[in-house]
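Okay, so here's the structure we're looking at.
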Amino acid sequence: MYADIRNTEYHPLVKFILIVVISGTAFTTTSYAVSLIPCVIFALLLCFMKNYRLGMGMLAASLLLCAAQALAESSPNEYVATLGQVLEAFRKILTMVMGAVIFYGTTETTDLIKALERIRIPRCVVVPLAVTLRFIPTIQSEFSAIRDAMNIRGIPIGAKGFLTHPLKQTEYMLVPLLMRSARIADELSASCITRGINSARAKTSYKSITVSARDYMLIAAGAAVCAAIVIIDSALR
Amino acid sequence: MITFKDVSFKAAGCEDYILRNINLKIQEGSCVVFTGKSGCGKTTLTRCINGLIPDVYPGEMSGEMIINGTPARGALLWNFEPICGSVFQDPRSQFFTTNTTSEVAFAMENYGVCTHEINRRIDEVMTRMDIDNLRGRSVFKLSSGEKQKVALASAVALKPKVLVLDEPSSNLDIQSTLALGGMIKRLKAEGYTIIVSEHRLYYLRDVADKIIYIDKGKIEWEAAREEISKLTPARLAAHGLRSLKLKDFARKGSADNRADNRANLPSEVRLDVSGVAFKYGRGAQLLKNITFSALGGEIIGIIGANGKGKTTLLRVLSGLMEPQAGSISMNGVPLPAKKRIKASYFVMQDADYQLYAESVSEEVTLGCPHSELLERKRDTILSNMGIKMLESRHPGSLSGGQKQRVVIAAMLVKDVAVLLLDEPTSGLDYESMKMVSGILKLQSQQGKIICIISHDYEFLNETCTRILHLDNGEVVKDFNMSEDNCLHSILFQEEGRYVC
């Protein structure tokens, strides 16, 4: 996966806020071109993280949605024009999803826990969040294993099967996934508990999670990008 | 160090006691091995020691446990001081973080060790366990042996008094297992008290100070250091245990799986694999030039070190993947992937991935068109495998060995010509292993081609008629098992390393 990039030294909260703000600009802008800028930025970042398929794929999808929206809004029919709004919302959410993928791919789960704890978010919120994030790669690999097993059984999972027998397909995908997840969750909890996740002592960290010079530079770059977006947008209005 | 006085445990919601009146004493700095058949209670015993019982796995626990001088149980064992470090069976679901360095640091961080000390200990442990090259790597990209080393490092870095290992050699090949044994010996020399719950005993023969045999929750017998070497293979087999010496696995097996008998079998099916090459995306070339032929009635064991492409080969043969070069044909007719899927059945390593239905009987006939004949066939197969009484149970509620039987029953119902199995006996005790072996031999007598990947020497020796050794993407050795070919001498190379 995005293995070695996880060792970047940027503070998780700085990244998080920047990503939220940049995707947020997509919602506040009015012209098509400018609202695509965050999408392009994220696509470039994804490619930088060597995830070309996702980056280019999402960018292509956004461009298609943009074109569809333009087409819909130029139609005289009111309902079709409103559809354009829906497509726009969809596209902007897609941008946020890209931002989320970038955040997830560059952040180590334990760094996030530590950062959140430092700003006093209670453990009962932080630990479940961390476990959820931890499960994502697990579910990905479990899914592909389940798909293989079903192919062998002669019950291929795919678009065709989904259209003809949606409930059965869902059942065949979910049942083993749930069984495996329950088992993994048990084993994971046992592993964490025996390594003191519930210990009464205050947690420490092997590396310090502080805002450093690199983070300030990132903030400056992000601020510049947002300012540029706002300025270009108001100029084009 | 650890004393159990009349400890009994009954899991919440269960009627039977899993542990009954356990009394034992474990000396500080010793290595004790708990062994026994599947379901005997050895894992439960280790869970009492590391405190998962009764607080994480609820139930009624009676009796007294004294660890490190004070009576303690449950949360007291991990709430304040790290008394026990644990390593579990499946390294995949042991890692909480995704990076090896933070994984080793994880336990120390939870117990509030200061930053400087954490980093110092990480360096120390990684050097001592020889895993400096694994620093800062993603845990998803490690081999099983490497994962197990990182898991062990994470437990050892905490400097606990006791190390508890639950079937640590499950996913390891023979060479890695022996390396694990060496590691345990070194840790024992440093003063750790080590407790191992295991089926495979051969790598612990020189390390264990005591072997404790548990049956149905009671300690049946204990063997101290001097007596361990006197345990004969016959006695071990009688207790359902695996052999203590790798050489014992190579005893000349019964005549029915020998190559000379194959001449009497119907060999209608012929599989030809020629020049198969495969790699994942931009990864390494796992399979370079695989060429061999198989006839109906053969049981072929595929061996080789971990990560050398054995599973990949079976995935290609089963039709899940198409090779980038080479061809696979049956009886002279080339088979594309879709046809291979129909002609073969692949039993993968984890039974959990392969169980979907609500009941065992539904599970076993999944994917087959319904008919009277099918139902009768299903009933016969279930009875033969000894799981007829489980037919209305949900597959998720079964034990590991039972799940494996269900998966194999599903394979038998499909009735295809080529059977492919990946580590079918991993984690199974002696009896279950013999059962699987018996079933496969029966199938081969019906003229099927069977290919098995395994690290289980005993199983290979018992079952296979032919062995293929995979290394460097090619078949480097291909020999028939016969009276003269001893599996052990062929697999043990001159440099003192095992081939698989």
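For the range B:285-320, filtered to residues that are of a type in the set (Ser, Thr, Tyr) and within 14 Å of chain A (Cβ to nearest Cβ), the residue that is surrounded by the most Cβ atoms within 10 Å (Cβ to Cβ) is B:SER318. Test A:LEU174 against the stated conditions and say whether it is assigned by the TED database to the domain that holds A:ARG134, open to solvent by 40 Å² or more (accessible area, probe 1.4 Å) and part of a helix (DSSP H, G or I). Answer is yes for this residue. Within the range A:153-165, one or more residues are open to solvent by less than 60 Å² (accessible area, probe 1.4 Å) and part of a helix (DSSP H, G or I). In the set (1) in contact (Cβ under 8 Å) with a residue 60 or more places away in the chain; (2) farther than 15 Å from B:VAL476 by Cβ, the condition left unmet by B:LYS310 is number (2). The C-beta contact set for the range A:78-95 (first residue among the small types (Gly, Ala, Ser), second residue surrounded by fewer than 13 Cβ atoms within 10 Å (Cβ to Cβ), distance under 7 angstrom, 6+ apart or interchain) comprises A:ALA81/A:SER75. Of the residues making up the range B:52-66, one or more are closer than 27 Å to B:LEU428 by Cα and open to solvent by less than 20 Å² (accessible area, probe 1.4 Å). Applying the set (1) modelled with pLDDT of 85 or more; (2) open to solvent by 20 Å² or more (accessible area, probe 1.4 Å); (3) within 29 Å of A:SER141 (Cβ to Cβ) to B:GLN175 leaves exactly one unmet item: (1).
Answer with yes or no whether A:ILE219 is exposed (fewer than 13 other Cβ atoms within 10 Å of the Cβ), at negative phi, assigned to a helix (DSSP H, G or I) and more than 8 Å from every other protein chain (Cβ to nearest Cβ). No: the conditions fail for A:ILE219.
Assuming A:PHE162 fulfils every condition listed in (1) facing chain B (nearest Cβ under 9 Å); (2) farther than 30 Å from B:ASP90 by Cα apart from one, which condition is it? It is condition (1) that A:PHE162 fails.
If we only count strands (runs of 3 or more DSSP E) wholly inside the range B:404-500, which ones have 1 or more residues that are at pLDDT 85 or above and within 22 Å of the chain's Cα centre (by Cα)? The qualifying strands (runs of 3 or more DSSP E) are B:418-422, B:449-453, B:466-471. Within the bounds of the range B:412-428, is there any residue that is touching a residue at least 60 places away in the same chain (Cβ under 8 Å) and either farther than 19 Å from B:SER318 by Cβ or not assigned by TED's automatic domain parsing to the domain that holds B:GLY297 (or both)? Yes.
Consider the range A:80-103 and keep the residues that are of a type outside the set (A, V, I, L, M, F, W, C) and open to solvent by 40 Å² or more (accessible area, probe 1.4 Å). The one that is farthest from A:ILE209 (Cα to Cα) is A:THR82. Looking at the range B:89-118, which of its residues are within 7 Å of another protein chain (Cβ to nearest Cβ) and in contact (Cβ under 8 Å) with a residue 12 or more places away in the chain? Within the range B:89-118, B:ASP90, B:GLN94, B:THR97, B:THR98, B:ASN99, B:ALA105, B:PHE106, B:ALA107, B:TYR111, B:ILE118 meet the criteria. Yes or no: A:ARG120 open to solvent by 70 Å² or more (accessible area, probe 1.4 Å) and either at positive phi or among the acidic types (Asp, Glu) (or both)? In short, yes.
When B:HIS394 is tested against (1) at pLDDT 80 or above; (2) open to solvent by less than 40 Å² (accessible area, probe 1.4 Å), just one condition goes unmet, and that condition is (2).
Scanning the range B:384-399 for residues that are in a helix (DSSP H, G or I) and under 26 Å from the mean Cα position of the chain (by Cα) yields B:ASN384, B:LYS388, B:LEU390, B:PRO395, B:GLY396, B:SER397. In the condition set (1) surrounded by 18 or more Cβ atoms within 10 Å (Cβ to Cβ); (2) among the hydrophobic types (A, V, I, L, M, F, W, C); (3) more than 10 Å from every other protein chain (Cβ to nearest Cβ), A:ILE184 is compliant with all but (3). Counting only residues that are under 16 Å from B:ALA277 (Cβ atoms) and either touching a His at 6+ places or on another chain (Cβ under 8 Å) or within 12 Å of chain A (Cβ to nearest Cβ) (or both), how many does the range B:321-352 have? The number of residues fulfilling the criteria is 2. Selection of the range B:359-371 for residues being at the interface with another protein chain (Cβ under 8 Å from one of its Cβ atoms) and either touching a Cys at 6+ places or on another chain (Cβ under 7 Å) or at pLDDT 80 or above (or both) yields only B:LEU366.
The single condition among (1) at pLDDT 85 or above; (2) under 22 Å from B:ILE184 (Cβ atoms); (3) more than 10 Å from chain A (Cβ to nearest Cβ) that B:SER144 does not meet is (1).
The values are calculated or read from the model by the stated rules, or taken from the named source; none is laboratory data. The shown structure was predicted, so the numbers you read here are calculated from the model rather than taken from an experiment. Cβ sites come from the backbone with ideal geometry, for glycine too, and all protein chains shown count toward neighbours. What goes into the accessible areas is simple: the full protein's heavy atoms, side chains included, and nothing from ligands, DNA or RNA. Shrake-Rupley method; radii C 1.70, N 1.55, O 1.52, S 1.80 Å.
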